[in-house]
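Values in this text are rule-based calculations from the coordinates and carry no lab data. Because the structure is predicted, anything quoted here is derived from the model rather than measured. As a convention, Cβ positions derive from the backbone with ideal geometry for all residues, glycine included, and neighbour counts pool all protein chains shown.
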Amino acid sequence: MPLPVILDCDPGHDDAFTIMLAAAHPAVELLAITTVAGNATIEKTTLNARRICTVAGIEGVPVSAGLGRPLCGTGLVAGNIHGESGLDGPGFGEPTVPLDPRDAVTLIRETLLAHPVPVTLVPTGPLSNVAAFLLAHPALAAERVERIVLMGGYTGRGNRTPAAEFNIAADPEAADIVFSSGLPVTMIGLNVSHQVPATADVLDRLDALGTPLARLCAELLTFFGTTYREVFGLTAPPLHDPLTVAHLVAPGLVTLVRAPVAVELTGTHTRGATVVDLDGVTGRPANADVGIGVDAPAYWDLIIEAVRTLGSAR
Ligand code: RIB
Ligand code: CA
């Protein structure tokens, strides 16, 4: 039985590859896509989700817009990384995939109620929608959410501030709600994603596919690489978000340890930090499976195969 999944994302170049991997891999049943403000405004992340579904031929998966701002405070955007559109690089025509009129929390709720078995939530942006759903429907979440597998946080240093990774920094209160929910949580953070830079070899493998979708993916990664070089001085961009789905379809691809994770909410210089007690010095109970390593070659094989599968079906 394929694993039923709802993606909650802020496309976003790496979110785009997550959507494609989830749609292409036979071990996943992609039930719904909800969008959140993060890499760009909610209007742009939602348009981008529809764009990716359109160019990849992903049909019949409802796409709903969620929250345009965090639960508390003002939001963040990452135009310096993902560009003005939130998905700069290739040109896109008008999407043919429609916008589902339901909001994200409603779509999550109705999807969970309609599915015969519990569903895995895969957030790859700020956790605003997921937290809002948990606050609105705690009993349904406890009964019908199998696990939350999120990209966010880190066990080392941040990328939005020295202490905070972007997805957590954009809505720390939402992240605290998720990590405190008591639900099974898997956290795949920067300490893992920076082990999977999209190098020239990845671009070469995409070029070798020779399909329009593969060319578009190469253009996405080329733009993503330009901004990561300019902003972080990295030679290749880490493809963060698809690690979530890769972990689900290939158990063991991401090495995990159980650990207590706390989200800093009030630190003057550390708000949004995920404080991961890998050494058990706090005595707090573990509340998450935390990524610490990855089989990078296997990861890229999954990404390339997803693009090949979707591209050859077009
Ligand atoms: O810090 C990386 C995360 O922030 C990724 O999910 C990226 O898409 C942005 O949302
Ligand atoms: Ca993202």
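Applying the Kirkwood pairwise sum to the alpha-carbon positions of region 1-148 produces a hydrodynamic radius of 15.1 angstrom.
Ordered by the number of other Cβ atoms lying within 10 Å of each residue's own Cβ, fewest first, Thr309, Thr45, Thr282, Thr266 fall into the sequence Thr266, Thr282, Thr309, Thr45.
When +1 charges are put on Lys and Arg Cβ atoms and -1 charges on Asp and Glu Cβ atoms, the dipole computed for region 155-279 relative to its Cα centre reaches about 100 debye. Region 165-187 and region 97-151 have their alpha-carbon centroids 14 Å apart. Taking a ≥ b ≥ c as the square roots of the eigenvalues of the Cα gyration tensor, the chain is rounded, since a/c falls below 1.5. Remark: region 145-277 projects, on average over all directions, an area of 9.2 nm² (convex hull of Cα atoms).
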